[in-house]
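No value in this document is a laboratory result; all are computed from the given coordinates. This one's a predicted model, so the numbers in the text were calculated from it and none came from an experiment. Neighbour counts are summed over all protein chains in view; Cβ atoms, including those assigned to glycine, are modelled from backbone coordinates with ideal geometry.
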Amino acid sequence: MNFQEKSLQCSDCRANFTFTVQEQERFASRGLTNEPKRCSWCRAARKIEVNQNLNRSVSYGTRSQRQMFQVTCAQCGKNTQVPFEPRGDRPVYCSDCYSKVKVSR
């Protein structure tokens with residue numbers, strides 16, 4: 001494919017930047033069809049911002065807790081918690097009994 005350098009305007013800082021032939025070839029080799037919207041400086045700043053937001057959402061205490069449901073194990077009768085709401089039409093096991101039932105299948 002025949003690529004030519006293009007002058008584009010960054011959607012963040014509005015500065016003009018060049019979309020080089022090498023960058024176009026790299027985009028094409030990765031299957032990317034859209035031109036970049038941001039200059040290299042704004043792309044780098046955006047990556048840092050996204051990574052920081054991901055780290056904040058996973059850090060201890062900010063991640064939402066999974067809802068647990070109290071059940072009685074169908075095999076041993078022990079009270080336990082499971083991360084799903086039992087439907088009532090299938091047996092629910094504690095982790096020990098589930099391990100034994102799973103192996104026997």
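Our coupling estimate for the stretch 78-84, obtained by passing each phi through the Karplus curve with A = 6.51, B = -1.76, C = 1.60 and θ = phi - 60°, is 6, 6, 8, 10, 10, x, 9 Hz, Gly and Pro reported as x. Computed from phi, the 3J(HN,Hα) profile of the stretch 10-27 under the Karplus parametrisation 6.51, -1.76, 1.60 (θ = phi - 60°) reads 5, 6, 8, 9, 6, 7, 7, 9, 9, 8, 6, 4, 4, 5, 5, 5, 5, 4 Hz, with x in place of Gly and Pro. Rounded to whole numbers, the Karplus 3J(HN,Hα) couplings from phi for the stretch 28-38 are 5, 5, 8, x, 7, 10, 8, 6, x, 8, 10 Hz, using 6.51 cos²θ - 1.76 cosθ + 1.60 with θ = phi - 60°, and x at Gly and Pro. Close amide H contacts of Tyr93 (hydrogens built in the peptide plane, cut-off under 5 Å, sequence separation of 5 or more or a different chain): Ala74.
The C-alpha atoms of the chain define a longest principal axis, and helix 95-104 lies at about 90 degrees to it. When each of Lys102, Lys6 is scored by the number of other beta-carbon atoms lying within 10 Å, the sequence from fewest to most is Lys102, Lys6.
Label the stretch 6-58 by shape, choosing from rounded, prolate and oblate, from the square roots a ≥ b ≥ c of the eigenvalues of the Cα gyration tensor; if a/c is under 1.5 it is rounded, and otherwise prolate applies when a/b is larger than b/c, oblate when it is not. Oblate. Here Rg and Dmax of the Cα atoms in Å was computed from the coordinates, and among (i) 15.4, 59; (ii) 15.6, 65; (iii) 26.5, 72 the match is (iii).
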